[in-house]
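Reviewing the structure listed below.
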Amino acid sequence: MKIAGIIVTLCTVCTSFTLAQSTQKEMLTTPQKTAGVYYAYPALDIVKQKNAPKGYQPFYISHFGRHGSRYLINDEDYKWILDLLEDAGNQNALTPLGLDVYQRVRKVWQEAEGRGGDLSPLGVRQQRGIAERMFRLYPNVFTNSATLSARSTLVVRCILSMDAFCERLKELNPKLKTNREASNKYMGYLNFHTPEAIAFRSEKNTWKKQLDSFQQKIINPNRLVASLFKDGDFVNQKVKKESLMWGFYWLASDMQNMETKISFYDLFQLQELFDIWQCINAKEYINNASNSFNNNIMYKNAKPVLKNIILSADEVITKKGKGATLRFAHDGNMMPLLAALRLKNCYGDTDNIDEIYKVWSNYKVAPMGANLQIVFYKKTTSDDVIVKFLLNEVETTIPELSSNITPYYRWKDVKAYYQQILDK
């Protein structure tokens, strides 16, 4: 092996080891992160930015965001647990902890009933906060002459996220005009999935078998179930113990996105949370990121939106305009886009299911309210355009693309790099 190859391999191993250590430490200190894509967008102050090269000023922002915090996807995700606990209580099958948890779930249901899949009040606040910080950081982009375009998928939580974001911008500058739309016309790039991707996710005898085997190896619900139910036979007659553990995991994960201040993390040991998260993380990695498991096909889901990003930016540059293009969609759209963009820590590869968490973490890529911002700069005396990338409002890089002004890149180099990806 050549010396350069040895260095690259060692760097890859060291990076994976560092990421693994970082991920495990974060999980131990912040169990909310084991919620993965249910991890609530962290409350931020304005993150310090590296100054642009002298003479360059921002004039345009290309944005892609996931909707803000939401409730569990269906009312039934709450109700079946509540009904089971109520039934067990009536049959004197609950432990003291089980009775306490039953009362907690009843309180949660008061807020959650009828709101399955809805944007939560926290989700509204997240979008308003992201919009305000964007406005404060880049006031030159949001002057009276700015042209703003906002597009959303047809899902109500995305539409309301777009509305909350745009309303905050409007409050900060009442003269701003934003064209907002949620239409089938834009679904072809906001929420696109290739036939190959859809077929792959449906396969039963390939990745699903491997994931099932992995789950059976590391998931053990017996301790948790025994802590809640005096009668193990009662549970066995009603539901699989594994299903009950998963149900409480989802419930515990989503509480951070609700207004009701109740936690269920005391039901779990940290290792149990970490192991459940590993299973979810692996499934989303295989289904939405690009990697050896799926033969690197998932980034192709992002090709239409990547084309839209390039075309929209070039149109503003050509017309010498200013403003922003705002897009609102889902985690299943965010993950392949970030993989296609080859942003740092968004496309790591492994063919070992036990090691996925060492190269890719869903809560880092697509928490509730996740957002990508590509900020464009230019000089008044030149046509040269440079850009920088922010993932969840923090500057990031494209490791495979060299630049002497990192984290800034010349737009012509970025376009050429991404055109190669589009041509694959």
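The values are calculated or read from the model by the stated rules, or taken from the named source; none is laboratory data. Predicted model only: the values in this text are computed from it and were never measured. Cβ placement follows ideal geometry from the backbone for every residue including glycine, while neighbour counts extend to all protein chains displayed. These area figures cover heavy atoms from the full protein model, side chains too; ligands, DNA and RNA do not enter into them. Shrake-Rupley method; radii C 1.70, N 1.55, O 1.52, S 1.80 Å.
If you take the beta carbon distance between Glu171 and Glu259 as r and set R0 to 22 Å, what does 1/(1 + (r/R0)^6) give as a FRET efficiency, to the nearest 0.05? Calculated value: 0.45. Relative contact order of the range 162-264: 14 percent, from C-alpha pairs under 8 Å at least 6 residues apart in sequence. Choose one answer from Asp75, Asp118, Asp331: the residue with the largest mean-square fluctuation in a GNM of the chain with alpha-carbon springs under 10 Å. Highest fluctuation of the listed residues: Asp75. The phi-based Karplus calculation (6.51 cos²θ - 1.76 cosθ + 1.60; θ = phi - 60°) puts the 3J(HN,Hα) values of the range 181-194 at 9, 10, 8, 4, 4, 9, 5, x, 10, 6, 9, 9, 9, 5 Hz, whole numbers, x for Gly and Pro.
Placing a pseudo-label 7 Å from each Cα along the Cα-to-Cβ vector at Gln420 and Asp351 gives an inter-label distance of 2.4 nm. Here the Gaussian network model covers the chain, with springs between Cα atoms less than 10 Å apart; of Gly68, Gly247, Gly232, Gly232 fluctuates the most. Fully extending the segment from Glu132 to Asn144, taken as 0.36 nm per residue of separation minus the present Cα-Cα distance, adds 2.7 nm. Which is farthest toward the positive dipole end of the chain among Leu343, Gln32, Ala289, measuring Cα position about the Cα centre, with Cβ charges +1 (Lys, Arg) and -1 (Asp, Glu)? Farthest towards the positive pole: Leu343. In this structure the range 82-233 gives 51 Å² per residue of accessible area when probed at 1.4 Å with all protein chains present. Amide H contacts of Phe229: Thr95, each under 5 Å away and 5 or more positions distant or on a separate chain (H built 1.01 Å from N in the peptide plane; Pro and chain starts excluded). Stokes-Einstein D for the chain at 20 °C, 1.002 mPa s, Kirkwood Rh over Cα pairs, in µm²/s? Result for D is 93 µm²/s. Within the listed set Asn236, Asn294, Asn257, the residue fluctuating most in the Gaussian network model of the chain (springs between alpha-carbon atoms under 10 angstrom) is Asn236. Taken along the Cα-to-beta-carbon direction at a fixed 7 Å, the label points for Thr30 and Arg410 span 3.7 nm. Here the range 286-368 exposes an accessible surface that is 46 percent carbon and sulfur, computed with a 1.4 Å probe and the other protein chains kept in place.
Based on DSSP H segments of at least four residues, each scored -39500 (n - 2.57), the chain has a per-residue ellipticity at 222 nm of -15500 deg cm²/dmol.
Which whole-number percent gives the relative contact order of the range 86-168, counting Cα pairs below 8 Å spaced six or more residues apart?
About 35 percent, as a whole number.
Between Asp266 and Gln216, the C-beta separation translates, for a Förster distance of 35 Å, into a calculated FRET efficiency of about 0.85. Subtracting the Cα-Cα distance of Lys48 and Leu99 from their residue separation scaled by 0.36 nm leaves 13.6 nm. Quick check on the range 344-387: take the gyration tensor over C-alpha atoms, sort the square-rooted eigenvalues as a ≥ b ≥ c, and tell me if it's rounded (a/c under 1.5), prolate or oblate. Oblate shape, in that a/c is at least 1.5 and b/c is the bigger or equal ratio. Taking 7 Å steps out from each Cα toward its Cβ at Thr380 and Ser243 produces label points 6.7 nm apart. For the range 231-256 versus the range 407-424, the inter-centroid distance based on Cα atoms is 47 Å. Structural descriptor for the chain: relative contact order 28 percent, calculated from alpha carbon pairs under 8 angstrom and at least 6 residues apart. Determine which residues of the range 406-423 fall in the zone a paramagnetic label at Thr194 would reach in this model, i.e. backbone nitrogen under 16 Å from the point 7 Å along Cα→Cβ. Taking a point 7 Å out along Cα→Cβ of Thr194, the residues of the range 406-423 whose backbone N falls under 16 Å are 419-423.
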